[in-house]
Amino acid sequence: MRWDIFCRVVDNLGDIGVCWRLARQLAAEEGAEVRLWVDDLVTFRQLAPNLDPGLDAQRLGDIVVRRWTEPFPEVGIPDVVVETFGCDLPPGYIMAMEATPKAPVWINLEYLSAESWVNGYHGRPSPQPPLTKYFYFPGFTEGTGGVLMEQGLRQRREAFQNDAGGQAQFLARLGVRPKAPGELLVSIFCYPQAPLPALFDAWQTGAQPVRAIAFEDTPAAKALVAAGLASGAARGRVSGQVVPFLAQDDYDRMLWTCDWNFVRGEDSFVRAQWAARPFIWQAYPQQEDTHRIKMQSFLARYLGASAMGASAGLVDLWTAWNGLIPRARIAPAWAASMATRDGLGEIARQWPVRLEALGGLASNLARFCSERV
Ligand code: TRH
């Protein structure tokens, strides 16, 4: 099947992060011919270092990458059109879809959410006469599209996590010295609003040494530099290191290597879940704290009602990290989470098993479309 995927980079990296991963999986695992339209190739290159932002058309592996320009060029209409995150297709392209003898399957890929209303909307048709658009929701339950999961992901992750030498080599390649006995390695990828100084203070006097790993030109890296912790220097029991912004696959390896991960948005959020390690999620901050509902909906599914009590520390940590309770709660919440870390480790190992049972978003979407082509 021939696919067009449309991506408008609103802000940050998640939109293109999700689209790039989806495109690669459809091509590699579903035999799809994928053309990826992106309006901002400079941002895209952060995730795909081999991309040339100067070219309007290029091939990256199996994917044809096209610059989404206005006016939009006249092109053939494929079998499936994926409009991501409500990015609005070019009017001329919609007219061409209407005029084409065999109408394409038109998908609107929505943002990921754990909220229960998602199930009711997933797969619903929206008439756009003479065409039909379908809403496709990623999610964490039956009755949603699941989340992005490439074939063999769990096996690759397990093999890497059971290979201490491979992990040490990976870290050495980034100039990160191996973990000291009893030291925790924690990766941080967050938004500027995150209460980083409060976290560093909590770690400074915490029960065990923590080394924070942050990524160049991200808020956490700037905070480490500001705290004088960027080049391995220690302050009490906390130290830090800044590594380059990594290609997506190396970012996965960092999540697999670290003991805990702080992640944000959508794509790193999902990758942290596949890493089967405890993590703290900073949802994309929204007006009136509406991200509170997104955070709480996910935590309720992830921890399960029964574990919410036992994981009160983790719940507090997430809530403070999302700016929904005072940052002063971070230190006690971190200490409480450390006290229950074995249980949290078990939850982190079980969760990907449940996610895997939903099937991967790319294969679920391909099946959904092949039934409607
Ligand atoms: O960049 P984000 O904050 O994206 C967000 C979300 O998608 C959010 O839903 C959307 O509303 C908002 O943008 C507009 O976070 P996210 O989704 O984790 O995307 C970051 C991408 O960067 C992800 O694909 C992982 C990748 N990444 C690397 O490839 N290398 C790195 O070193 C790091 C730190 C991240």
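I need the full set of residues from the stretch 314-373 which are in a loop (DSSP other than H, G, I, E, B) and in contact (Cβ under 8 Å) with a residue 24 or more places away in the chain, in order please. Spell out the reasoning first.
Filtering the stretch 314-373 for residues in a loop (DSSP other than H, G, I, E, B) gives 322-326, 340, 357-360, 371-373.
Hits for the stretch 314-373 are 322, 323, 324, 340, 358, 359, 360, 372, 373.
Within the stretch 303-314, restricting attention to residues that are modelled with pLDDT of 90 or more and in contact with a helix residue (DSSP H, G or I) (Cβ under 6 Å, 6 or more places away or on another chain), which residue is farthest from residue 345 (Cα to Cα)? Reasoning before the result, please.
Just the residues of the stretch 303-314 that are modelled with pLDDT of 90 or more, to begin with: 303, 313-314.
With the extra rule that they be in contact with a helix residue (DSSP H, G or I) (Cβ under 6 Å, 6 or more places away or on another chain), the set shrinks to 313-314.
Values: 313: 14, 314: 12 Å.
Going through the qualifying residues, I end up with 313.
Looking at the structure I just gave you, is residue 50 within 11 Å of the ligand (Cβ to nearest atom), farther than 26 Å from residue 94 by Cβ and either outside any loop (DSSP other than H, G, I, E, B) or in contact with a strand residue (DSSP E or B) (Cβ under 9 Å, 6 or more places away or on another chain) (or both)? Before you say what the answer is, go through the steps one by one.
Numbers: within 11 Å of the ligand (Cβ to nearest atom): no; farther than 26 Å from residue 94 by Cβ: yes; either outside any loop (DSSP other than H, G, I, E, B) or in contact with a strand residue (DSSP E or B) (Cβ under 9 Å, 6 or more places away or on another chain) (or both): yes.
So residue 50 does not fit the description; no.
Say we look at the stretch 96-118 and pick out the residues that are within 25 Å of residue 143 (Cβ to Cβ) and polar (S, T, N, Q); which of these is farthest from the chain's Cα centre (by Cα)?
116
Considering 202, 221, which residue is over 23 Å from residue 47 (Cβ atoms) and surrounded by 17 or more Cβ atoms within 10 Å (Cβ to Cβ)?
Working: 221 fails: over 23 Å from residue 47 (Cβ atoms).
One residue alone meets the criteria, 202.
Residues of the stretch 158-193 being within 14 Å of the ligand (Cβ to nearest atom), part of a loop (DSSP other than H, G, I, E, B) and surrounded by 12 or more Cβ atoms within 10 Å (Cβ to Cβ), which ones?
Once the filter is applied, which keeps residues that are within 14 Å of the ligand (Cβ to nearest atom), part of a loop (DSSP other than H, G, I, E, B) and surrounded by 12 or more Cβ atoms within 10 Å (Cβ to Cβ), the stretch 158-193 yields 174, 176, 189, 190, 191, 193.
Could you tell me whether residue 41 is touching a residue at least 24 places away in the same chain (Cβ under 8 Å), surrounded by fewer than 24 Cβ atoms within 10 Å (Cβ to Cβ) and either within 16 Å of the ligand (Cβ to nearest atom) or within 18 Å of residue 271 (Cβ to Cβ) (or both)?
On the way: touching a residue at least 24 places away in the same chain (Cβ under 8 Å): yes; surrounded by fewer than 24 Cβ atoms within 10 Å (Cβ to Cβ): yes; either within 16 Å of the ligand (Cβ to nearest atom) or within 18 Å of residue 271 (Cβ to Cβ) (or both): yes.
Answer is yes for this residue.
From the list 152, 165, 92, 143, pick out the single residue that is out of contact with any strand residue (DSSP E or B) (no Cβ under 9 Å at 6 or more places or on another chain) and closer than 30 Å to residue 292 by Cα.
Details: 152 fails: closer than 30 Å to residue 292 by Cα; 165 fails: closer than 30 Å to residue 292 by Cα; 92 fails: closer than 30 Å to residue 292 by Cα.
Going through 152, 165, 92, 143 in turn, just one is out of contact with any strand residue (DSSP E or B) (no Cβ under 9 Å at 6 or more places or on another chain) and closer than 30 Å to residue 292 by Cα: 143.
Do we have any residue at all in the stretch 43-61 that's of a type in the set (Ser, Thr, Tyr), closer than 22 Å to residue 189 by Cβ and modelled with pLDDT of 95 or more?
Residues of the stretch 43-61 of a type in the set (Ser, Thr, Tyr): 43.
Within this subset, residues satisfying the condition of being closer than 22 Å to residue 189 by Cβ are 43.
Pick out the ones that are also modelled with pLDDT of 95 or more and you get none.
No, every residue in the stretch 43-61 fails to be of a type in the set (Ser, Thr, Tyr), closer than 22 Å to residue 189 by Cβ and modelled with pLDDT of 95 or more.
State yes or no: is residue 84 touching a residue at least 12 places away in the same chain (Cβ under 8 Å), within 12 Å of the ligand (Cβ to nearest atom) and closer than 21 Å to residue 246 by Cα?
Working: touching a residue at least 12 places away in the same chain (Cβ under 8 Å): yes; within 12 Å of the ligand (Cβ to nearest atom): yes; closer than 21 Å to residue 246 by Cα: no.
So residue 84 fails the test.
Just to be sure I understand, how many residues within the stretch 1-38 are within 16 Å of residue 366 (Cβ to Cβ), in a strand (DSSP E or B) and free of Cβ contacts under 8 Å to residues at least 40 places away in the same chain?
Final tally of qualifying residues: 2.
Right, residue 26: of a type in the set (A, V, I, L, M), within 16 Å of the ligand (Cβ to nearest atom) and surrounded by 15 or more Cβ atoms within 10 Å (Cβ to Cβ) or not? Give the derivation first.
Values: of a type in the set (A, V, I, L, M): yes; within 16 Å of the ligand (Cβ to nearest atom): no; surrounded by 15 or more Cβ atoms within 10 Å (Cβ to Cβ): yes.
Taking the combined requirement at face value, the residue does not satisfy it.
Output the residues belonging to the stretch 218-268 that are over 18 Å from the mean Cα position of the chain (by Cα), within 16 Å of the ligand (Cβ to nearest atom) and of a type in the set (D, E, K, R).
222
The values are calculated or read from the model by the stated rules, or taken from the named source; none is laboratory data. Note that the structure is predicted; figures quoted are calculated from it, not measured. Note: ideal-geometry Cβ built from the backbone for every residue, glycine included; neighbour counts use all protein chains shown.
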